[in-house]
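Shown next, in structure tokens, is the structure this report addresses.
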Amino acid sequence: MDDEGLRNSIRTIPDFPKKGIMYRDITTVLQDKDAFKYAMDKFYERYKDIDIDIIVGIESRGFIFGATLAYLLGCSFVPARKEGKLPHHTMKQEYALEYGNAAIEIHKDGITQGQKVLVVDDLIATAGTCLAAIKLVEMLGGEVVECAFLVELIDLKGREKLKGYKAFSLIEFEGE
């Protein structure tokens, strides 16, 4: 497996969820043990020597990559979930998607002052969800070390909206 093999393991579905969108389906990476291992090994190699206390994984596929990486790095995992899904006291942050509005929440006791946090999601498009997660981390006193993504849709310029924060992606796709 190499970068091109990982890229080729991602299925593209035209016109989903609406006409004109080329949906990058990463479930095929999860189904391919070699592709998933390769992706996780690449993330691990990048972060193994960086001081990270917590990984915040964004619902839902950010949970998969984030929790696996937290295990590999020996750090904690905190989920950033859709509004109303966490059972304890939460902080909420609203954000805009490319096709609507939403909110994510995090437990108030998930992060403490000064902890170093890596934010993980499967994909960055417009960066709305990631920016909401960053705001939550910072409201709780955490320091965002970097944001990590399996896939970056570069035409949507999400990375530009993350100015001031480090961002890393394994695979980039341009509009097709």
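What follows draws every value from the coordinates through simple rules; no lab data is involved. All figures in this text were calculated on a predicted structure; none of them were measured in a lab. Ideal geometry is used to build each Cβ from the backbone, glycine not excepted, and the neighbour counts take in all protein chains shown.
Each residue of the range 148-160 is assigned a 3J(HN,Hα), and the resulting list reads 10, 9, 5, 10, 10, 8, 5, 5, 8, 6, x, 4, 4 Hz, derived from the Karplus form 6.51 cos²θ - 1.76 cosθ + 1.60 (θ = phi - 60°), x at Gly and Pro.
To the nearest 20 Debye, how big is the dipole of the range 49-173 about its Cα centre, given +1 on the beta carbon of each Lys and Arg and -1 on that of each Asp and Glu? Could you put the intermediate results ahead of the total?
Numbers: 13 positive and 18 negative charges, 53 e Å.
Charge dipole, the range 49-173, about its Cα centre: 260 debye, nearest 20.
Applying the criteria of a DSSP loop state and at most 12 other Cβ atoms within 10 Å to the chymotrypsin sites (Phe, Trp or Tyr not before Pro) of the range 35-142 yields Y99. Put simply, the amide H of G142, placed in the peptide plane, has neighbours under 5 Å in G114, leaving out anything fewer than 5 places away on its chain. Which is farthest toward the positive dipole end of the range 23-123 among L118, G66, V78, measuring Cα position about the Cα centre, with Cβ charges +1 (Lys, Arg) and -1 (Asp, Glu)? My answer, from the dipole projection, is V78. From the largest down, the chain spans 42, 36, 31 angstrom on the principal axes of its Cα atoms. A simple spin-label model places the labels of L30 and A103 2.6 nm from each other, with each point 7 Å out along Cα-to-Cβ.
Remark on F77: its backbone amide H falls under 5 Å from those of I55, a criterion applied only to residues 5 or more positions apart or on other chains, H modelled at 1.01 Å from N.
Between K116 and E174, the modelled label-to-label distance comes to 3.6 nm, taking each label 7 Å out from Cα in the direction of the beta carbon. Our estimate of slack between K161 and K18, defined as 0.36 nm per intervening residue step minus the Cα-Cα distance, is 49.1 nm.
The Cα center of the range 1-59 and the Cα center of the range 71-130 differ in position by 18 Å. Taking amide H as placed 1.01 Å from N in the peptide plane, the amide H of S169 sits under 5 Å from that of F149, each at least 5 places away or on another chain. Ranking P14, I106, L170 by Cα position along the charge dipole of the chain, where only Lys, Arg, Asp and Glu carry charges on their C-beta atoms, puts I106 farthest toward the positive end.
Using R₀ = 25 Å, calculate the FRET efficiency as 1/(1 + (r/R₀)^6) where r is the Cβ-Cβ separation of R46 and M139; round to 0.05.
It comes to 0.40.
Give the relative contact order (percent, whole number) for the chain; include only Cα pairs under 8 Å separated by 6+ residues.
On the way: 353 pairs, mean separation 30.6, N = 176.
Reported relative contact order: 17 percent.
Backbone geometry of the range 30-38 corresponds, through the Karplus equation with coefficients 6.51, -1.76 and 1.60 at θ = phi - 60°, to 3J(HN,Hα) couplings of 5, 6, 9, 4, 6, 5, 5, 4, 4 Hz, x marking Gly and Pro. Across the range 103-112, computed HN-Hα scalar couplings (Karplus, 6.51 cos²θ - 1.76 cosθ + 1.60, θ = phi - 60°) run 8, 10, 10, 9, 5, 4, 9, x, 9, 10 Hz from first to last residue, x flagging Gly and Pro.
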